[in-house]
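The values are calculated or read from the model by the stated rules, or taken from the named source; none is laboratory data. Nothing here was measured: the structure is a model prediction, and the numbers come from that model. For neighbour counting, all protein chains shown are included, and Cβ atoms are generated from backbone atoms with ideal geometry for every residue, glycine included.
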Amino acid sequence: MIAELLNVLNGWIERFGLLSDGWRAGVLVFLLVLGTATVAYMVSHLVAALEKKFAATSNIWDDAILHASRRPLVAFVWLQGIYWAAEVAHHFSEAEIFKANGTLLQIGFVWVVVWVFLGLIKQLEKILTSPIKMRKPMDYTTVNAISKLSRAVVIITAVLTALQTLGFSISGVLAFGGVGGIAVGFAAKDLLANFFGGFIIHLDRPFKVGDWVRSPDRNIEGTVEHIGWRLTTIRTFDKRPLYVPNAAFTSIAVENPSRMTNRRISETIGIRYADVHSMRTIVDEIRDMLSNHEEIDAKQTLIVNFLAFNASSLDIMVYTFTKTTQWVRFHEVKEDVLLKISDIIENHGAEVAFPTRTLHLPDGVRVDDPAPPGSEQPAAKAAAGQSSSRSGKPASRDQGRGYGDANSESGDGE
């Protein structure tokens, strides 16, 4: 068909007898290039108009197909037009370069098809992960892994097709790849370990992009930014990028705090021994306060109990869970809970215990007021020493956070 069209146009121009073969070839090539540019312009605007029209519909897949096909269609028009122009040049010239027109056209067609599929995969990836276009968007990490595998399949298939078009034997290429793969496997075992480690991450999904992860086995903690086939990029909390080989995740334990359902408040609060009579009421009111707190998840474990007689305080255990898992909001809730517990303790005339020291002295020992600066009272010191030696009871000290202030010092042996 092309040859017949060329003969008709060439015969029509040749009737005039004004142009040589070179000029006739130039005119025909110019007309073909001009026609190709016109058709490409029309196709581009036609697809753009269809995109605007289909954008108003509820179907989102036609938008993806049109957007992925727009540039490849224009490229295909240009590819076909250049092929025709090369055929015209080959008709007037016997140059060896024009004998490869058919092969180049086939390779160009494979390239256009690959372009369409890669663009379609990219558009589908955006649609499936978009909360605007999908009611239940898919996980980005999973979609990204599937899109990477799909791109790899398309590219490998295109390369094998192109090699077959160029005259290479695919069976020979595959055999060479099998033998060479063994050598490459031994030489690049770490690279393959990272590749399969990335595959396991995409398969098991212990974490995804945006998750906060940490490892008790390694000094790894931060937010996942990217999961590649060789490295996983983690942004630490001091804003430094941390690049972890994927093979490391197959041999270490990884904790994913982003998937926690609640955050825990676990505190031990001590009150004075002098407030033991208010202990039961304080514990009951703290428990009621937590049960009715709007930010505390009452469905989770909630424990408020008198825990122990500590060395210097009466300890109360507070163990509960918040509804929020956000770090900043959790500390706001925890602050509110601790302040309300403090108010409950204060409302009963009790106090939170603090480190104090009680000094016990033997019977009959009197502590005088401190002497003014610069003066000494050796007589008082001697009397205190004699009294201590007569009683046979050395002065003792013990820690006491809950016995009160300095007024608790006494000489009655308590």
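Scan segment 268-299 for residues that are under 30 Å from residue 207 (Cβ atoms) and acidic (Asp, Glu) and report the count.
Selection size over segment 268-299: 2.
Condition check: out of contact with any Asp or Glu (no Cβ under 7 Å at 6 or more places or on another chain), modelled with pLDDT under 75 and surrounded by 19 or more Cβ atoms within 10 Å (Cβ to Cβ). Does residue 100 satisfy that? Outline the logic, then answer.
On the way: out of contact with any Asp or Glu (no Cβ under 7 Å at 6 or more places or on another chain): yes; modelled with pLDDT under 75: yes; surrounded by 19 or more Cβ atoms within 10 Å (Cβ to Cβ): no.
No; evaluated as a whole, the condition is false for this residue.
Suppose we filter segment 214-242 for residues that are touching a Gly at 6+ places or on another chain (Cβ under 8 Å) and small (Gly, Ala, Ser); how many remain?
Total satisfying the criteria: 1.
If the requirement is being closer than 17 Å to residue 123 by Cα, at pLDDT 75 or above, buried (at least 18 other Cβ atoms within 10 Å of the Cβ) and assigned by TED's automatic domain parsing to the domain that holds residue 131, which of these qualifies: 79, 66, 50?
Numbers: 79 fails: closer than 17 Å to residue 123 by Cα; 50 fails: buried (at least 18 other Cβ atoms within 10 Å of the Cβ).
None of the other options fit; the residue is 66.
Which of (1) at pLDDT 80 or above; (2) not in a helix (DSSP H, G or I) is the odd one out, the single condition residue 57 does not satisfy?
Only one criterion is unmet by residue 57, namely (1).
Okay, residues lined up against (1) assigned by TED's automatic domain parsing to the domain that holds residue 207; (2) assigned to a strand (DSSP E or B); (3) exposed (fewer than 13 other Cβ atoms within 10 Å of the Cβ); (4) touching a residue at least 24 places away in the same chain (Cβ under 8 Å):
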position	(1), (2), (3), (4)
278	no, no, no, yes
289	no, no, no, yes
300	no, no, no, yes
305	no, yes, no, no
320	no, yes, no, yes
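Could you check segment 207-248 and list, in sequence order, the residues that are hydroxyl-bearing (Ser, Thr, Tyr), more than 12 Å from the chain's Cα centre (by Cα) and under 25 Å from residue 326 (Cα atoms)?
First, pick out the residues of segment 207-248 that are hydroxyl-bearing (Ser, Thr, Tyr): 215, 223, 232-233, 236, 243.
Among the residues that remain, those that are also more than 12 Å from the chain's Cα centre (by Cα) are: 215, 243.
Hit for segment 207-248 is 215, nothing else.
Test residue 211 against the stated conditions and say whether it is at pLDDT 80 or above and surrounded by 14 or more Cβ atoms within 10 Å (Cβ to Cβ).
Details: at pLDDT 80 or above: yes; surrounded by 14 or more Cβ atoms within 10 Å (Cβ to Cβ): yes.
Criteria met by residue 211.
Quick one: residue 369 ticks every box in (1) farther than 25 Å from residue 264 by Cα; (2) charged (D, E, K, R); (3) at pLDDT 85 or above except a single one, so which number is it?
(3)
Of the residues in segment 187-206, how many are part of a loop (DSSP other than H, G, I, E, B) and either in contact (Cβ under 8 Å) with a residue 60 or more places away in the chain or over 17 Å from the mean Cα position of the chain (by Cα) (or both)?
Start the filter on segment 187-206 by keeping residues that are part of a loop (DSSP other than H, G, I, E, B), which leaves 188, 205-206.
Then keep just the ones that are either in contact (Cβ under 8 Å) with a residue 60 or more places away in the chain or over 17 Å from the mean Cα position of the chain (by Cα) (or both); that gives 188, 205.
Residues meeting the conditions: 2.
Counting only residues that are closer than 11 Å to residue 215 by Cβ and either in a loop (DSSP other than H, G, I, E, B) or in contact with a Gly (Cβ under 7 Å, 6 or more places away or on another chain) (or both), how many does segment 243-257 have? Give the derivation first.
So in segment 243-257, the residues closer than 11 Å to residue 215 by Cβ come out as 244, 248-249, 251-256.
Filter once more, so that each one left must be either in a loop (DSSP other than H, G, I, E, B) or in contact with a Gly (Cβ under 7 Å, 6 or more places away or on another chain) (or both): 249, 251-254, 256.
Counting residues in segment 243-257 that are closer than 11 Å to residue 215 by Cβ and either in a loop (DSSP other than H, G, I, E, B) or in contact with a Gly (Cβ under 7 Å, 6 or more places away or on another chain) (or both) gives 6.
Do you know which residues across segment 258-272 are outside any strand (DSSP E or B) and buried (at least 18 other Cβ atoms within 10 Å of the Cβ)?
Just the residues of segment 258-272 that are outside any strand (DSSP E or B), to begin with: 258-262, 272.
Once the filter is applied, which keeps residues that are outside any strand (DSSP E or B) and buried (at least 18 other Cβ atoms within 10 Å of the Cβ), segment 258-272 yields only 272.
For segment 133-155, what are the residues that are over 20 Å from the mean Cα position of the chain (by Cα) and in a loop (DSSP other than H, G, I, E, B)?
Filtering segment 133-155 for residues over 20 Å from the mean Cα position of the chain (by Cα) gives 133-135, 149-155.
Hits for segment 133-155 are 133, 134, 135.
State which residue is farthest from the chain's Cα centre (by Cα) when the search covers only segment 321-368 and only residues that are among the polar types (S, T, N, Q) and under 30 Å from residue 257 (Cβ atoms). Working first, answer last.
Start the filter on segment 321-368 by keeping residues that are among the polar types (S, T, N, Q), which leaves 322, 324-326, 342, 347, 356, 358.
Cutting the leftovers down to under 30 Å from residue 257 (Cβ atoms) gives us 322, 324-326, 342.
On the way: 322: 23, 324: 19, 325: 16, 326: 15, 342: 39 Å.
Here the residue is 342.
Determine which single condition residue 246 fails, assuming it passes every other condition in (1) in the same structural domain as residue 335 (by TED's automatic domain parsing); (2) in contact with a Phe, Trp or Tyr (Cβ under 8 Å, 6 or more places away or on another chain); (3) buried (at least 18 other Cβ atoms within 10 Å of the Cβ).
All conditions are met except number (1).
Just name the residue that is nearest to residue 243 (Cα to Cα) out of those in segment 208-232 that are of a type outside the set (Gly, Ala, Ser), assigned to a loop (DSSP other than H, G, I, E, B) and free of Cβ contacts under 8 Å to residues at least 60 places away in the same chain.
Restricting to residues being of a type outside the set (Gly, Ala, Ser), assigned to a loop (DSSP other than H, G, I, E, B) and free of Cβ contacts under 8 Å to residues at least 60 places away in the same chain, the top hit is 230.
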